[in-house]
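Student: Here you go, one structure.
Readers should treat all values here as calculations from the given coordinates under stated rules, not as data from a laboratory. Small disclaimer: the values here were computed from a predicted structure and weren't measured. No Cβ is skipped: glycine too gets one built from the backbone with ideal geometry, and neighbour counts run over all protein chains shown.
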Ligand code: GDD
């Protein structure tokens, strides 16, 4: 009776797969206590033939996907085909130590936990021979996820979990963030622990992590955190903001020329510009996130964010001019950038948050 299934996603890993399988089968597990499912995404280097050789004589299975290559989709395909309720996911490139498999599955087999993460970033964990920029990206990827996910190594690709948890993973999940998706989809219902591992960078083949995967990771974090910040909403928000500046200046100018008081002109021009901005943002920039909302409530939030951003702008300006002695004509630029950023993030996370299933 097997106890756990190891899912190994592969894309051009012919130089590594034999070494990995040899190391796993050298462990002192009973030969029938686990199965290995290799999910290949159309490798062109002979990886599949190497796996087939193993499949003929041991508990190794090969699944060949025909769809567009995707790490998360491959892992989920392997999970769906697994015979066991305990699943381990690990890379094929020997960066994850097979010798830690026992420690990884034990807490689940003993029923003390539901997810166990092989972590580089807790006491006893480490990375070896990993280029500095990759360490940096991995650290930053972990830090920015911390506000929504309380795990030290959320980008780890070496982890074990109960198979039933995979069915809650969003259909929007793709790429290199399956652990994050698994944890977020089951948040509050699972017992999670981390065990230290030493991650050694591959010595054969190349990483498949691209800029696209990194950008997709950040975008997904924003969505999971309930935000609607995207390049699209940012571009439109900026265009609406520029229109608002013009309207603000025009109304202010007109009122002053009609001899209205300074405070009244300032307030009225701000209010009219904010109303126009809100209308364009809700009907255009954040259109998808507007429907179904109580509009006055949303408009109130929009004005609150605008007023806070204005106060902050004054604070930044005063700090730069009076404390750092920056000339006012220069100091206004960082002050404007700060206001714009606060306005946009306030809109994307507070005024027009994501109410759809992430
Ligand atoms: N089937 C399939 N399809 N496998 C893939 C794909 C894909 O589109 N892309 C990558 N893989 C496989 C690789 O063949 C390897 O076995 C594993 O996924 C990890 O891919 P790498 O591209 O080598 O990842 P890395 O070394 O840069 O490591 C980073 O991502 C890993 C994802 O598991 C690190 O952040 C690791 O910590 C993380 O484990």
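Student: Ranked highest first by the average count of other Cβ atoms within 10 Å around their residues, in what order do 116-124, 307-315, 88-96 fall?
Tutor: For the peptides 116-124, 307-315, 88-96, the packing ranking is 88-96, 116-124, 307-315.
Student: Same structure, new question: Listing 282, 164, 74 from the residue with the fewest other Cβ atoms within 10 Å to the one with the most, what is the order?
Tutor: By the 10 Å Cβ count, ascending: 164, 282, 74.
Student: Mind pulling the angle between the C-alpha long axis of helix 71-81 and the longest principal axis of the chain? Nearest 10 degrees, somewhere in 0 to 90.
Tutor: 50
Student: Test of understanding: ordering 126, 138, 171 by Cβ neighbours within 10 Å, fewest first, what list do you get?
Tutor: 171, 126, 138
Student: Could you give the nm distance between label points at residue 146 and residue 168, where each point is 7 Å from its Cα heading toward the beta carbon?
Tutor: Each label point lies 7 Å from its Cα, and together they span 2.4 nm.
Student: Rounded to the nearest 10 degrees, what's the angle between the helix 211-224 long axis and the longest principal axis of the chain, both from Cα atoms, 0 to 90?
Tutor: 70
Student: Which value at 222 nm does the chain reach when only helices count, each DSSP H run of 4 or more adding -39,500 (n - 2.57), with the total divided by all residues and rounded to the nearest 500 deg cm²/dmol?
Tutor: After summing the helix terms and dividing by residue count, I get -15000 deg cm²/dmol.
Student: Kindly give Rg over Rh for the chain, based on alpha-carbon atoms, with the Kirkwood expression for the hydrodynamic radius.
Tutor: 1.12
Student: Ok, one more. Along Cα→Cβ, 7 Å out, is where each label goes; now give me the distance between the ones at residue 190 and residue 18 in nm to one decimal.
Tutor: According to this spin-label approximation, the distance is 3.6 nm.
Student: What angle do you read, to the nearest 10 degrees and between 0 and 90, between the alpha-carbon axis of helix 295-318 and the longest principal axis of the chain?
Tutor: On a 0 to 90 degree scale, this one is about 80.
Student: Let me ask you something else. Translational diffusion coefficient of segment 105-219 at 4 °C, 1.567 mPa s, Stokes-Einstein with Kirkwood Rh over Cα pairs, in µm²/s as a whole number.
Tutor: Estimated diffusion coefficient is 87 µm²/s.
Student: Okay, moving on. With an 8 Å cut-off on Cα pairs and a minimum separation of 6 or more residues, tell me the relative contact order of the chain in percent.
Tutor: Relative contact order here is 15 percent.
Student: Among rounded, prolate and oblate, which fits segment 85-164 when a ≥ b ≥ c are the square roots of the eigenvalues of its C-alpha gyration tensor, a/c under 1.5 means rounded, and a/b larger than b/c means prolate?
Tutor: oblate
Student: Another one. Convex hull over the Cα atoms of segment 1-74, averaged projected area in nm²?
Tutor: Reported value for the Cα convex hull: 4.9 nm².
Student: Another one. Tell me the label-point distance for the pair residue 81, residue 134, using the 7 Å Cα-to-Cβ offset, in nm and rounded to one decimal.
Tutor: For residue 81 paired with residue 134, the spin-label model returns 2.7 nm.
Student: Shape call for segment 142-298 from the C-alpha gyration tensor, a ≥ b ≥ c root eigenvalues: rounded (a/c under 1.5), prolate (a/b greater than b/c) or oblate?
Tutor: prolate
Student: Using the number of other C-beta atoms within 10 angstrom as an exposure proxy, rank 202, 66 with the fewest first.
Tutor: 66, 202
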